[in-house]
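As structure tokens, the structure follows; a few thoughts come after it.
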Amino acid sequence: GRSTAQARSVLNQTCGLAVRHEAMAANPMALVAQPQREDREVEVLDLQQVWTLRALVRPESLRRPGKRGPNSDLRDVIECLLGTGCRIGELLALRWQDLDLHADLPTARICGTLVEPRKDYVAKLHRQPSTKTKGVRTLVLPDAVVEVLLRRRSEARFIDGEPPVFASRTGRWLWPNNIRTRLRHAVTDHDA
């Protein structure tokens, strides 16, 4: 169940070790071409799907009888994802200091991402100070996203230090996986 790239890497390292210990004269993996990756087609939502998605994630649509009402986090995240095209980890890693909402052209500086725990790799959720592609980019924000961010700023309880724009009730980072799960439930409940 290993990928071709991983198998190639292991063989290259093994043969390299054999060359260093003089068990082989040369590393034959140097002559093996890297496998070509197939480009995946980018899937985009059409306008009707965007309107449907926005309706499904409104707190009023997610309210269930006899249960505490949902907050606006899912709606706000979806609005910002649609308006910026960021990866979910990059959006949830935004801090207030990364935003300039009062400029003539409001901007967001995308300069980090959230890394979720993985067994034997990452112990806890944390903000990585670089994006997946290791680049920093500045995005001009559309008016709808600026409205969402200004409302969140006015409602924010945590603004000192480096608090997240999308903070939990305790001021901690929201987990990307939890947002994905909430989105999946909203869409699945609609399809059922």
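The values are calculated or read from the model by the stated rules, or taken from the named source; none is laboratory data. Every value quoted in this text rests on a predicted model; they were computed, and no experiment measured them. Glycine gets a Cβ as well: all are built from the backbone with ideal geometry, and neighbour counts include every protein chain shown. What goes into the accessible areas is simple: the full protein's heavy atoms, side chains included, and nothing from ligands, DNA or RNA. Shrake-Rupley method; radii C 1.70, N 1.55, O 1.52, S 1.80 Å.
A compact table of results
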item	result
Accessible area of region 47-104 belonging to carbon and sulfur atoms, whole % at 1.4 Å probe	50 percent
Proximal lysines to Lys124, defined as alpha-carbon separation beneath 28 angstrom and excluding residues fewer than eight positions away on the same chain	Lys132, Lys134
Helix runs (DSSP H) in the chain reaching 15 Å along axis by Cα, Kyte-Doolittle at least 0.5	73-84
Surrounding net charge for Leu91, when Lys and Arg each add one and Asp and Glu each subtract one, Cβ distance under 11 Å	-3
Fraction of the pair-distance distribution of the chain above 29 Å, Cα-Cα pairs, percent	41 percent
For the chain, accessible area per residue (1.4 Å probe, heavy atoms of protein chains only), Å²	71 Å²
Segment Trp51-Leu105, length gained on full extension (0.36 nm per residue, minus Cα span)	16.9 nm
Coarse-grained scattering of region 105-178 at q = 0.11, 0.17, 0.19 Å⁻¹, given as base-10 log I(q)/I(0) from a Debye sum over alpha-carbon atoms	-0.34, -0.81, -0.98
Relative contact order %, region 101-143, counting alpha carbon pairs below 8 Å whose residues are six or more apart	48 percent
Under DSSP loop assignment and at most 11 Cβ neighbours within 10 Å, longest GluC sites (Glu not before Pro)-free interval of the chain	44-192
Simple spin-label estimate for Asp189 and Arg127 in nanometres, 7 Å along Cα-Cβ	3.0 nm
Cα-based convex hull, region 7-72, per residue volume (Å³, whole number)	186 Å³
Region 58-105: trypsin sites (Lys or Arg not before Pro) in DSSP coil with no more than 10 other Cβ atoms inside 10 Å	Lys67, Arg68
